[in-house]
Structures are given as structure tokens and as C-alpha cells.
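Colleague: Before I ask anything, here is the structure I am working with.
The values are calculated or read from the model by the stated rules, or taken from the named source; none is laboratory data. All values derive from a computational prediction rather than experimental measurement. Reconstructed Cβ throughout: ideal geometry from the backbone, glycine too, with neighbour counts over all protein chains shown. Surface accessibility is based on the protein's heavy atoms, side chains included, excluding ligands, DNA and RNA. Shrake-Rupley method; radii C 1.70, N 1.55, O 1.52, S 1.80 Å.
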Amino acid sequence: MRALFWLTALLAIGLTSVVSASNAQQTYLCDPTAQSQCLAVNASGQLTTALTGALPAGSNIIGKVGIDQTTPGTTNAVQVTTASPGGAAANPAFVQGVANGVPLAVTQATTGTQVQASASCAAAAICSVTLPAAVSKTTYLSTFAVTTGPPTAAVIGLATVSGPAATLNYYATEGTAAGAQLLVGFNDPVAASGPDTAIVVTLPAVTGGAVSAVTATGFQL
């Protein structure tokens, strides 16, 4: 009676056992409703299977999955948020290479809105540019440059970056041979003190200074 019970259970799931021509017992796992549909074993004794149906729609994930970043901000895209899970301001990704031991220019890799500003000014006059504020977004400064023509006599100006939590100060030395060449890039961009806050780069009026130009680049997110 017990043997009959187990035989019935095995047949119900499609498990059958036969004796081959060489008297070796072989066991098959088949579809109980279609005995010709059985799992196969290859010459190495390995069970082989085939996936013929499409993956059902939903949250199923198999193996390594890529993400379409062709159009940031749309379906399947990755977009940097304004805050990390811990609540701190998120730092966008930046890429910087090195050639022969010399760091290359910083390449920004972020989905934020790019902003830039540039101005050229008269000799001995204030020169300033602004990366504007944005509603509910934080402005970041990636790079800035302060350059001048060569003055009659060497002079020094104190360039400032205002808008971050602390004002940043940089000396710009205007030499008689090449003028000032103050070029600054941040691997970790400098954020404004909070949302809705602009960042301003300024070279003050320098007595005896030459013509000047100021440029700043950054982004908002």
C-alpha cells in the first residue's frame, strides 16, 4: 500500500524510472501531461535546460543589469539628488585623469543644470561674475579664472569667492610680463551656503591694474 502511494506521487510530478537496453536504471523527470517532454542530460551527465519564454514584466532581475543614461531625467535614467540618504548635500561625481604624473583638467559628470558666467573689465576697475541662485536648488562652483593684461608696474589684487559658507580669498599677482593668471579648479565643487544662494567671484579695483577678465563655471542641483 505504501509503495503504491509513493509510485502514485512520483507519477503525479512526472518522475518515471525505466530500465535501458543495457539493464542500467534510468530516471526521467517529465511533464505528467505530455510524457514526451522531459529534462535532458548531456554526454557529460549534466542537466541541460533552455529558457524559451520572455522574462515577465515586473521587478524581475537576472544577472547584471545596465541602465540607459542616454537622456538624463527620463525613464531608466540615473539622476543625482540634492541630498544623500543621510540628509547631507550630495557630492556629484567628478573624473580627473593623470598624464605623466600631471593631473589633467577636471571633467564634471553630473546631471545638474550647468551654469557659467564671464566678464571682461576696464583697467583698474572692479571685475565680477555671478553664478545665479535657483529656487530650491544649490549652486556649485566648479572652476574659476581671473586673468589680467600686464600692468605698467606689478600689482596684487585679492580675488574673492562669496556665497559659500565661508568667503574664499586668492591673491592675483599682475606681473609686468604676463599679467595675472589665476586658474582654480575644485575636485570637490564648492557649494553655496544653501539653496537659493548665488556664488560671486570678484576681482576688486586694483590701483595701477591692467584690463581684466573673470570667468566661473558650475552647476545647480
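Colleague: Which ones in the stretch 109-136 are open to solvent by 60 Å² or more (accessible area, probe 1.4 Å), at pLDDT 95 or above and either farther than 30 Å from ALA205 by Cβ or small (Gly, Ala, Ser) (or both)?
Modeller: Correct list: SER118, SER120, ALA122.
Colleague: Looking only at residues that are among the hydroxyl-bearing types (Ser, Thr, Tyr) and either in a loop (DSSP other than H, G, I, E, B) or within 14 Å of GLN220 (Cα to Cα) (or both) in the stretch 157-202, which one is farthest from the chain's Cα centre (by Cα)?
Modeller: Residue satisfying both the conditions and the ranking: THR176.
Colleague: Out of curiosity, is THR152 assigned to a strand (DSSP E or B), of a type in the set (Ser, Thr, Tyr) and closer than 19 Å to ALA213 by Cβ?
Modeller: Criteria not met by THR152.
Colleague: Give the residue that is farthest from VAL206 (Cα to Cα), with candidates limited to residues of the stretch 157-183 that are of a type in the set (Val, Ile, Thr) and modelled with pLDDT of 95 or more.
Modeller: This residue is THR167.
Colleague: Right, another one. Keeping to the stretch 189-221, report how many residues are under 20 Å from ALA134 (Cβ atoms) and either free of Cβ contacts under 8 Å to residues at least 12 places away in the same chain or not acidic (Asp, Glu) (or both).
Modeller: Residues in the stretch 189-221 being under 20 Å from ALA134 (Cβ atoms) and either free of Cβ contacts under 8 Å to residues at least 12 places away in the same chain or not acidic (Asp, Glu) (or both): 19 in total.
For every residue, the table says whether it meets (1) in contact with a Gly (Cβ under 9 Å, 6 or more places away or on another chain); (2) open to solvent by 20 Å² or more (accessible area, probe 1.4 Å); (3) among the charged types (D, E, K, R).
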| position | (1), (2), (3) |
| --- | --- |
| LEU141 | yes, no, no |
| PRO150 | yes, yes, no |
| VAL155 | yes, yes, no |
| ASN169 | no, yes, no |
| ALA172 | yes, no, no |
